[in-house]
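What follows draws every value from the coordinates through simple rules; no lab data is involved. Model, not experiment: these values are computed from the prediction. For neighbour counting, all protein chains shown are included, and Cβ atoms are generated from backbone atoms with ideal geometry for every residue, glycine included.
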Amino acid sequence: MGHLLEISNLKISTPRGKNLVPLLDKVSLNVPKGQCLGIVGESGCGKSITATSLLQQLPYPLRVTEGTTAFDSFQHGKVDLLTLPSKKMRNIRGREIAMIFQEPMTSLDPIFTIQQQMFEALQFHFPRMSHKEMLDKCLSMLVKVNIPRPEQTLSSYPHQLSGGQLQRIMIAIALMNDPRLLIADEPTTALDVTIQMQILDLMNELKESNDAAVLMITHDLGVIAETSQHVAVFYAGHIVEEAPVMELFHHPQHPYTKGLLKSISSLSGDSNLLYAIPGIVPPGGSWDAHCRFAARCEYASEKCLKDVPALTEVASGHLCRCFLHRQEVEA
Ligand code: SF4
């Protein structure tokens, strides 16, 4: 199975005075066709800027300072999304690659009805679609994402709907054109658990039905377990662990991944206390030339404070950025 998207050595920086401060540091990832790649990590690890850079929508003044991508576009062949001329990018954005953003209130325009906004998303890529075809498509998408009274919803303005409804409408808009790659940035945060499961099922359907792929960005390992075949753990702007999803859940190698897993498993464990990894993620610009997790790591040694560990293979298809070996890390 080929890769729909390959990302090589992606580096994103922000200017600070006369310098460029890295926020994402040489990230390489592959998204295979028909699969879901999960990206997990705390806020500020570089997950969302990785996604927005792929659509050339990085917030100002962030910029890509290194790296390439190869996206298998059915309209334009293999293209580098980072340098694609804006006309071609507009053809791809929303048609071949769709993104569900974290915050639906800021993604929908408050002065237009839901119908106007859904029609616009269709018309841009399918200008010959009739009014009836568009209406049928919009209604069927709203039903798919479990919006009650879809006709009434189409004539509503965003402020008349709840956060959960708006998030489902954003998901309907993203899926409407059958994208080949769906980038989902915390897509289910605003939803209650039953709706969350239906939405995750919809995403699974998308990749199974037309060889599409999903890039799932989340801090929620439960969402990763439901959707992803492969997972990359981000920490302080780079990947610290990458593995097939079951391998990562059963044999985590990096102390950070272990901490993330412990923070969910403690709910079902002996203790009633929720585990939290002590400390915070160091922000971009404050990364010293040593392991970025050292200040929070219970295994940190002198070596960890002198060198940056490389991402190395610790088992077949399983990469980890830590000086410790598997046997030494396991508790
Ligand atoms: Fe901890 Fe050292 Fe591994 Fe970093 S390299 S995660 S400090 S043990």
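Report the paramagnetic label zone for residue 125: residues of region 54-86 whose backbone N is under 12 Å from a point 7 Å from Cα along the Cα-to-Cβ axis.
Only 74-75 pass the distance filter.
What FRET efficiency comes out for residue 112 versus residue 250 if R0 is 45 angstrom and r is the Cβ-Cβ distance? Round to the nearest 0.05. Spell out each step's value before the answer.
Values: r = 48 Å, r/R0 = 1.06.
With a Förster radius of 45 Å, E is 0.40.
Cut-off 18 Å, label point 7 angstrom out along Cα-to-Cβ of residue 140: give me the residues of region 173-198 whose amide nitrogen falls inside.
So the set is 173-180.
Over all directions, how big on average is the projection of the convex hull of the alpha-carbon atoms in region 217-268, in square nanometres? All intermediate terms of the calculation are to be shown ahead of the outcome.
Values: hull surface 14.1 nm².
Mean orientational projected area (region 217-268, Cα hull): 3.5 nm².
Out of the trypsin sites (Lys or Arg not before Pro) in region 8-57, which ones are loop residues according to DSSP with at most 15 other C-beta atoms within 10 Å?
Details: sites: 11, 16, 18, 26, 33, 47; in loops: 18, 33.
Those that pass, being in a loop and sparsely packed, are 18.
With both bridge residues required to lie in the chain, what share of the DSSP beta bridges run antiparallel, to the nearest 5%?
60 percent
So between residue 308 and residue 26, what do we pick up on full extension, going 0.36 nm a residue minus the alpha carbon distance? Could the numbers behind the result be given before it?
Working: separation 282, 0.36 × 282 = 101.52 nm, distance 1.35 nm.
Extra length available between residue 308 and residue 26 comes to 100.2 nm.
To one decimal place, what orientation-averaged projected area in nm² is obtained for the convex hull of the Cα set of the chain?
For the chain, averaging the hull's shadow over all directions gives 18.6 nm².
For labels at residue 43 and residue 220 in the simple 7 Å Cα→Cβ model, what's the distance in nm?
1.6 nm
Compute the distance in nm between two label points, each set 7 Å from the Cα along the Cα-to-Cβ direction, one at residue 87 and one at residue 229.
3.6 nm
With the crude spin-label approximation of a point 7 Å out along Cα→Cβ, what separation in nm comes out for residue 103 versus residue 160?
With each label placed 7 Å out from Cα toward Cβ, I get 2.5 nm.
Using a Förster radius of 22 Å, what is the FRET efficiency between residue 315 and residue 80 based on their Cβ-Cβ separation? Nearest 0.05, please.
E(calc), rounded to 0.05, equals 0.10.
Quick one: if you take sqrt(5λ) for each eigenvalue of the C-alpha gyration tensor of region 110-178, what semi-axes come out, biggest first, whole angstrom? Mind dumping the intermediate values first?
Numbers: eigenvalues 67, 31, 24 Å².
Over the Cα atoms of region 110-178, the ellipsoid semi-axes are 18, 12, 11 Å.
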